[in-house]
């Protein structure tokens, strides 16, 4: 996952609204979002290379997503797959803060967002710290929570404008926000150690590149009763639509 925008307690009917893009190499095998066997409790896409996922919800109404922290100097090849953390966060026996602090060194640097209802947390493994998300608009990409990267600021403002002006959030309009290919000016680019050409490519919300780019957009609308609508659109290396799915998940007792 590369970027998420979250509106928490900003709409009278939908206290949790999530818009997210997953950026990845196009050759990496992936299954679209689906209910995972054997118990159908987890709704998420699946990374077929490592077996994890980047974003999902469960039938109790919990949500989790993960972004990689962009720090080339701290990347190691023998680490566990970060995608398993989202699964752990959505299991019936969820992650504890102490477990994350104790085991985060087994993974390359990451942000993990997880929680239930309006009690969402972001764990940043680089600083080994938790932040509870306050009511408002938040953005998470490949740096710290609510960093002011140009694409993070751009998407946050677009989401805020749409939510405050809409009585009923429209999934197509939310997807349009996530299809924004506007790149930042060079003077506004973050310095994350990957070189200016890659910084330019990755500076837009939607990344179009034949080898690496936005593979999917996910939209989650969770209402006051915990009922969730989950939409996923998938793309190829030219940014073309490969398919769309919309799920409705009724809440069960955790």
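The values are calculated or read from the model by the stated rules, or taken from the named source; none is laboratory data. Since the model is a prediction, treat every value here as computed from it, not as a measurement. For neighbour counting, all protein chains shown are included, and Cβ atoms are generated from backbone atoms with ideal geometry for every residue, glycine included.
Within the stretch 32-42, being surrounded by 13 or more Cβ atoms within 10 Å (Cβ to Cβ) and more than 22 Å from residue 225 (Cβ to Cβ) holds for 32, 34, 36. Of the strands (runs of 3 or more DSSP E) lying entirely inside the stretch 27-123, not one contains at least 3 residues that are modelled with pLDDT of 95 or more, closer than 23 Å to residue 6 by Cβ and over 19 Å from the mean Cα position of the chain (by Cα).
Put simply, of 52, 45 the only residue that is in contact with a helix residue (DSSP H, G or I) (Cβ under 9 Å, 6 or more places away or on another chain) and surrounded by 17 or more Cβ atoms within 10 Å (Cβ to Cβ) is 52. Every condition in (1) part of a loop (DSSP other than H, G, I, E, B); (2) touching a strand residue (DSSP E or B) at 6+ places or on another chain (Cβ under 9 Å); (3) surrounded by fewer than 22 Cβ atoms within 10 Å (Cβ to Cβ) is met by residue 142 except one, and the failing one is (3). Looking across the stretch 66-90 at every residue that is free of Cβ contacts under 8 Å to residues at least 40 places away in the same chain and out of contact with any strand residue (DSSP E or B) (no Cβ under 6 Å at 6 or more places or on another chain), the one that is farthest from residue 198 (Cα to Cα) is identified as 88. Against the numbered list (1) over 17 Å from the mean Cα position of the chain (by Cα); (2) over 27 Å from residue 40 (Cα atoms); (3) not in a loop (DSSP other than H, G, I, E, B), residue 168 comes up short only at (3).
Per the listing 221, 242, the residue uniquely assigned to a strand (DSSP E or B) and exposed (fewer than 13 other Cβ atoms within 10 Å of the Cβ) is 242.
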